[in-house]
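J.: Submitted below is the structure of interest, expressed as structure tokens.
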Amino acid sequence: MIDMKEQLRELPKMTHILERDSIKKWTNRLSQLYVKKHINYVLEAMRDKILNTEEPVDTSVNIIEKKVIQLLETKTTPSLCKVINATGTALHTNLGRALLDEKIFEEMKNISTRYNNLEYQLDYGQRGSRYSHVENILTDITGAEAALVVNNNAAAVMLLLTATVPGSEVLVSRGELVEIGGSFRIPDVIESVGATLKEVGATNKTHIRDYEEAITEATGALLRVHTSNYRIVGFSQTPDDNEIISLARRYNIPAFNDLGSGLLIDLQSLGLPYEPIISEVIKAGYDVVSFSGDKLLGGPQAGILVGKRKYIDKLKKHPLLRALRVDKLTISALESVLSRYLQPDTVFKSIPLLKILNQSEEILKEKAKLLSREINNLNIGYHAKVVQGYSQVGGGAYPGVTLSTSVVEVKHDHYSDYELERWLRLSEGHIITRVSNECVQFDVRTLLKGDIQTIVNVLYEIAK
Ligand SMILES: *Cc1c(COP(=O)(O)O)cnc(C)c1O
């Protein structure tokens, strides 16, 4: 029988723990109150354990010290950290979507570490609007009359509907009742702004007459939603943009398009299928088009609305805009990304997302061979080989479309594929891989400068 009371008495005292050198290092860095709180937490957990187990509990000061330090280390490590994306998915929704390059951060730094003209008109010495900074470049690139930027595309759609159609009916094809990432469903969004969804057509086929028959006095808008993350194939049909727009004009109701993916230039040269480009959709005549800043556009998280001045002005005046507004960092990043689209010759080099998509099969194969060779050269039980594979664009863009790539498949003599996947993920490199074929797979498409070396180092640490 172990003596619980004796064990409780043996627990080191707070003052004793605070005197330990390793703990003093922490009280020098952080407030004593904060460190004490965590010591108390560990002592409390020890007391609980003593009271609830039959086994003797190690109450030495060394153990307690170790636990306190572990806890403080976890608490003071940033939760948001960089990872290595070895999945090949260029716009990975869980891994931060579009990448920004360093030059953009230089500009963001210049703006945000100094005062700036975020809401000030230098020409007049008067108050200005934060939304004015990217409006001209957006209208230049898209051909729209006016533009507005908000927090993300979900916010853009909400603002658009809130400001234009509350209390009225919004017509949407049954084939376009999209869900984006769980919490954003077009039917729910329409209901949430106090409008009524009126579904038209069937899931696979919607005709222009379906829209026409649904129009009544109560109709507030025709809303087209780009099926950016799925495709309806086979016996299917939807009216083209011209039909939708001429119908809307005839009945004098606005036509909106939630395009989502935000493609500014044609990517068919990369072997990708046709996808509507913002300027084309604007040219077709939609009153407002909305899209994301951090999908195919390759910029910061933002929601962009472009279209007729009459509607954009209405959005600018709506009180909801204040709740959805973008920060100077977003505006600065977006302005620099957009300016790269003014130089179409270099855009595949200057925008990281496009660069990732635009790698040739030869380049990818070379990268994969290098990684594979380095892993085999470790000579510690790994077997790596290069295989042909397929990467996805991701971010809900180009559903079902794959790009040919090179993948390094790795096995180990003693460790399973799932063990390797887990250790790579939990390592300091936080390497995210796929498991397939009883191997961990590294798709080299999304590996960035320095990543190959980190992967090799981590694999070495795992099995040395
Ligand atoms: C991605 C997407 C959205 C949501 O955009 P976020 O920028 O993620 O808020 C809305 N509609 C469509 C069609 C989309 O593809």
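The values are calculated or read from the model by the stated rules, or taken from the named source; none is laboratory data. Computed from a prediction, not measured in an experiment: that's the story for all the values here. Note: ideal-geometry Cβ built from the backbone for every residue, glycine included; neighbour counts use all protein chains shown.
J.: What residue, of Gly96, Gly128, Gly143, Gly88, is surrounded by fewer than 17 Cβ atoms within 10 Å (Cβ to Cβ) and in contact (Cβ under 8 Å) with a residue 60 or more places away in the chain?
T.: Exactly one residue qualifies, and that residue is Gly143.
J.: For the condition under 19 Å from His16 (Cβ atoms) and among the hydroxyl-bearing types (Ser, Thr, Tyr), what is the one hit in Thr53, Thr59, Thr77?
T.: Just a single option satisfies the conditions, and that option is Thr59.
J.: Still on this model: What's the number of the only condition in (1) away from the ligand (no atom under 16 Å from the Cβ); (2) touching a helix residue (DSSP H, G or I) at 6+ places or on another chain (Cβ under 6 Å) that Val170 fails to meet?
T.: (1)
J.: Filtering the range 385-412 down to residues that are under 18 Å from Ile455 (Cα atoms) and crowded, with 22+ Cβ neighbours inside 10 Å, which residue is farthest from the ligand (Cβ to nearest atom)?
T.: Val410
J.: From the list Val306, Val281, Val326, pick out the single residue that is under 20 Å from Ala154 (Cα atoms), within 16 Å of the ligand (Cβ to nearest atom), more than 23 Å from the chain's Cα centre (by Cα) and in contact (Cβ under 8 Å) with a residue 12 or more places away in the chain.
T.: Val281
J.: On to the next question. Given (1) farther than 30 Å from Ile455 by Cα; (2) modelled with pLDDT under 95, identify the lone condition not met by Leu122.
T.: Single failed check for Leu122: (2).
J.: Residue under question is Val435, and the condition is that it be touching a residue at least 40 places away in the same chain (Cβ under 8 Å), farther than 30 Å from Pro276 by Cβ and β-branched (Val, Ile, Thr); does it hold?
T.: No: the conditions fail for Val435.
J.: Just give me the residues in the range 413-431 being of a type outside the set (Gly, Ala, Ser) and either part of a helix (DSSP H, G or I) or surrounded by 19 or more Cβ atoms within 10 Å (Cβ to Cβ) (or both), in sequence order.
T.: Matches in the range 413-431: Asp417, Tyr418, Glu419, Leu420, Glu421, Arg422, Trp423, Leu424, Arg425, Leu426, Ile431.
J.: Residues being closer than 27 Å to Leu354 by Cβ and among the charged types (D, E, K, R): count how many of those fall in the range 292-324.
T.: 2
J.: Here's another thing I want to ask about it. Counting just the residues of the range 224-259 that are in contact (Cβ under 8 Å) with a residue 60 or more places away in the chain and over 25 Å from Leu272 (Cβ atoms), which one comes out nearest to the ligand (Cβ to nearest atom)?
T.: That would be Phe256.
J.: Return only the number of the condition from (1) in a helix (DSSP H, G or I); (2) more than 18 Å from Gly262 (Cβ to Cβ); (3) more than 16 Å from the ligand (Cβ to nearest atom) that Thr216 does not satisfy.
T.: Just one mismatch for Thr216, condition (1).
J.: Can you work out which of the residues in the range 260-271 that are assigned to a loop (DSSP other than H, G, I, E, B) and touching a residue at least 12 places away in the same chain (Cβ under 8 Å) is farthest from the ligand (Cβ to nearest atom)?
T.: Gly271
J.: Can we say Val149 is more than 23 Å from Asp241 (Cβ to Cβ) and within 16 Å of the ligand (Cβ to nearest atom)?
T.: So Val149 fits the description; yes.
J.: Still on this structure, I have one more. On the given criteria, is Leu297 under 16 Å from Leu148 (Cβ atoms), among the hydrophobic types (A, V, I, L, M, F, W, C), within 16 Å of the ligand (Cβ to nearest atom) and in contact with a helix residue (DSSP H, G or I) (Cβ under 6 Å, 6 or more places away or on another chain)?
T.: no
J.: Among the residues of the range 143-184, what is the count of those that are modelled with pLDDT of 95 or more and assigned to a strand (DSSP E or B)?
T.: Counting residues in the range 143-184 that are modelled with pLDDT of 95 or more and assigned to a strand (DSSP E or B) gives 10.
J.: Here is a further query. Would you please list the contacts, defined by Cβ atoms under 6 Å and residues six or more apart or on different chains, that run from a residue in the range 389-406 that is more than 19 Å from Gly298 (Cβ to Cβ) to a residue that is within 16 Å of the ligand (Cβ to nearest atom) and modelled with pLDDT under 90?
T.: Matching pairs, first to second residue: Gly400/Arg231.
J.: So, one more: Checking Leu364 against (1) touching a residue at least 40 places away in the same chain (Cβ under 8 Å); (2) under 26 Å from Ala154 (Cα atoms), which single condition isn't satisfied?
T.: (2)
J.: Residue under question is Tyr274, and the condition is that it be surrounded by fewer than 17 Cβ atoms within 10 Å (Cβ to Cβ), away from the ligand (no atom under 16 Å from the Cβ) and assigned to a loop (DSSP other than H, G, I, E, B); does it hold?
T.: yes
J.: While we're here: Taking the range 250-271, which residues are crowded, with 24+ Cβ neighbours inside 10 Å and closer than 24 Å to Glu217 by Cβ?
T.: Ala255, Phe256, Asn257
J.: Report yes if some residue within the range 63-83 is touching a residue at least 12 places away in the same chain (Cβ under 8 Å) and among the acidic types (Asp, Glu); otherwise report no.
T.: yes
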